[in-house]
Amino acid sequence: MAKFGGTCLADRESQRRTAELCGTLRSQCENLVVVVSAMGRSGDPYATDTLLGLLSDGASPAERDRLMACGEIISALVTASLLRGNGIEAEALTGWEAGITTDDSSGDAMVLSVDTTGMNRVLAGGAVAVVAGFQGFSPEGCVTTLGRGGSDTTAVVLAAALKADEVVFFKTVESVFTADPEKVPEARKLDRICAEDLRQMAWQGAKIVNPRAAEASIASGIPIRVRSFATGDVVTTVEPVPSVCENYIVGVASGPPVARMTVSGGAGPCHVFHSRVFGLVAGAGVSMDMFSVFGDTAVFTVPLDERDRVACILEGEGLRCLSLAPCAKVSIVGAGMHGLRGVMARFSAALSEAGVEMLQTVDSHATISALVAMGERDTALRALHREFVEK
């Protein structure tokens, strides 16, 4: 199973290189399934953001899904044609032709099942199955998409259904790193990482592999090899087993801009007030994070572009709502930290010494996170990287 990202298909030279890599894989594999995402980035003709720019603000989520799915379908057809032009038999399949059934959550659907009949038909004929990633079909027969980076998930889910030996992701990045090199120049390459740590890094904002792809790797036991698109070499191996890393902290990550919302003013018991606040925001379809409750006050974060809408909804219900923005969530990640003493003390000390104020904190068995002002994000990341990764 191989997966090629959108930038790997954006121009003629990249398409030639894709065909070359597929040819090499085909000679090494009994069967080969290739998953592709949309070609290029925003501004390129068939990129997802470019397609979305064609719609008005009044388009429904279902209409957006149908349009977004077109980018991957174009990539699949182009790639299959490219392979045939290079003497490799290939057939393009949409996500639903590949048997992917999802729930009906437009824009962020979950895969429910995979019927491999279509792919097995192509493979039985000796051809490469080229599947459009990022998409499927709901039980009601509607086109759905899997959320940004969903082609990663498509590849691992299909690999599990086909009982593949491994999944190969061809990436234009040099490696999976301990941090985003653009924010932390001292970031180190990771030769190996366990899928759980990769999943946590992705959920905390690292743009490496889609977190649901890592979850599928854990569930199926199928390893992921991240290869360089330029050289074909394996740059990082993702193992679907407990931590294979020597360090208990694997890396640091940060999420997108958020706003911290502080809500108060509710009458009645506190538990009723909290339920009401969170219910109003969830009912508006807004994702929340970093929840804290203090008596008759609720504190949480929302995506920055949802701040005004959330404030309007809550204030419309007679609640007081204060916001602080822009902010960012910075995290250290590593399943190996569970049960270790003193990690939070070192975390807070590192930020304090760097002059970064922690506005809020949250932790799990594999992460410790702090909310900081957006202007202090990179300083915070570098401080945490020095304390936990470089030492």
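Quick note: the coordinates plus some simple rules give every number you see, no bench work behind them. This structure is a prediction, so every number in the text was calculated from the model and none was measured. Glycine also receives a Cβ, built like all others from the backbone with ideal geometry; neighbour counts cover every protein chain displayed.
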Glu357-Asp296 FRET efficiency (beta carbon distance; Förster radius 22 Å; 0.05 resolution):
0.30
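If you count the DSSP beta bridges with both ends in the stretch 2-172, what percent of them are antiparallel, to the nearest 5? Before the final figure, lay out the partial values.
Numbers: 6 of 22 bridges.
In the stretch 2-172, approximately 25 percent of DSSP beta bridges are antiparallel ones.
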GNM top mover of Gly118, Gly87, Gly71 - the chain, alpha-carbon springs below 10 Å:
Gly87
Rounded to the nearest 0.05, what FRET efficiency do Leu52 and Arg84 give with R0 = 22 Å and r taken as the Cβ-Cβ distance? Could you check?
0.15
Helix 150-162 versus the longest principal axis of the chain: what angle, 0 to 90°, nearest 10, using Cα atoms?
60
Taking the chain as a Gaussian network, Cα atoms linked when under 10 Å apart, which of Met39, Met374, Met344 shows the biggest mean-square fluctuation?
Met344
For all pairs of alpha-carbon atoms in the chain, what percent lies in each bin of width 10 Å, listed from the first bin to the last filled one?
5, 21, 28, 26, 15, 5, 1, 0
Report, by chain and number, residues whose modeled amide H sits under 5 Å from the one on Arg192, excluding near sequence neighbours (fewer than 5 apart, same chain).
Thr237
Sequence gap of 8 or more, or different chains, plus Cα separation below 28 Å: how many lysine pairs satisfy both in the chain?
20
Whole-Hz ³J(HN,Hα) from phi, Karplus 6.51 cos²θ - 1.76 cosθ + 1.60, for the stretch 101-118, glycine and proline x:
9, 10, 6, 9, 7, 4, x, 8, 6, 9, 6, 9, 7, 9, 9, 7, 4, x
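Counting only GluC sites (Glu not before Pro) that sit in a DSSP loop (anything but H, G, I, E, B) with at most 10 other Cβ atoms within 10 Å, what is the longest stretch of the chain containing none of them? Let's see the in-between values first.
Details: sites that count: Glu30, Glu140, Glu182, Glu246.
Longest gap between qualifying sites, sites excluded: 247-391.
Kindly put Ser217, Ser138, Ser292 in sequence by how many other C-beta atoms sit within 10 Å of each C-beta, fewest to most. Mind dumping the intermediate values first?
On the way: Ser217 29, Ser138 19, Ser292 14.
Exposure proxy ranking, most exposed first: Ser292, Ser138, Ser217.
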Give me Phe170, Phe177 sorted ascending by neighbouring Cβ count inside 10 Å, so fewest comes first.
Phe177, Phe170
Per-residue Cβ neighbour rank within 10 angstrom, fewest leading, Met290, Met337
Met290, Met337
Quick query: amide H of Gln360 versus all other amide H atoms, modeled in the peptide plane; which residues come in under 5 Å with a sequence gap of 5 or more or a different chain?
Leu371
Helix 270-283 versus the longest principal axis of the chain: what is the Cα-based angle in degrees, 0 to 90, to the nearest 10?
30
